[in-house]
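Rule-based calculations on the coordinates, nothing more; no lab input. Since this is a predicted model, take the numbers as computed values, not measurements. Cβ sites come from the backbone with ideal geometry, for glycine too, and all protein chains shown count toward neighbours.
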Amino acid sequence: MRREQRQVFLLHLGTRQSIGPDDLRVIWATACESMDVRVSRRVQPGSCAEGGRPCYGLWVRRTFNRIAAEERLRAMLDARGFLFTLTPMPT
């Protein structure tokens, strides 16, 4: 039986910052050390003067080292100059 992917983090970038889905997926896959990942994007209404602030869901299917993946993800986002909030989702 195939396990479904689960969202493990919610990422908010700084005001006026954005990232494309392909770039985010590469960063997330590298952080997880797996290509079996997915990213999603939605806009939260009313959280920015332009009508909404995007937030990004980070998804995995397989078991992974959450702590190590989070550390790598944070380091890669910092290196690219992003201001961000990374929220773990309940397991």
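Net charge near T91, counting Lys/Arg +1 and Asp/Glu -1 over other residues with Cβ under 12 Å of its Cβ?
Every neighbour counted, the sum reads +2.
What do you get for the angle between helix 66-79 and the principal long axis of the chain? Use alpha-carbon atoms, 0 to 90 degrees, nearest ten.
Around 40 degrees separate the two axes.
Sort I67, I27 so the one with the fewest other Cβ atoms within 10 Å of its own Cβ comes first.
I67, I27
Going by C-beta contacts inside 10 Å, put R53, R62 in order with the fewest on the left.
R62, R53
Angle between the Cα long axis of helix 21-32 and the longest principal axis of the chain, 0 to 90 degrees, nearest 10?
Here the helix axis deviates by roughly 40 degrees.
Counting other C-beta atoms within 10 Å, which of E70, E33 has the fewest, and how do the rest follow?
Starting with the residue having the fewest Cβ neighbours, the order is E33, E70.
If you stretched the chain out fully between M89 and R38, how much longer would it get, using 0.36 nm times the residue separation minus the C-alpha to C-alpha distance?
Contour length minus the Cα-Cα distance gives 16.9 nm.
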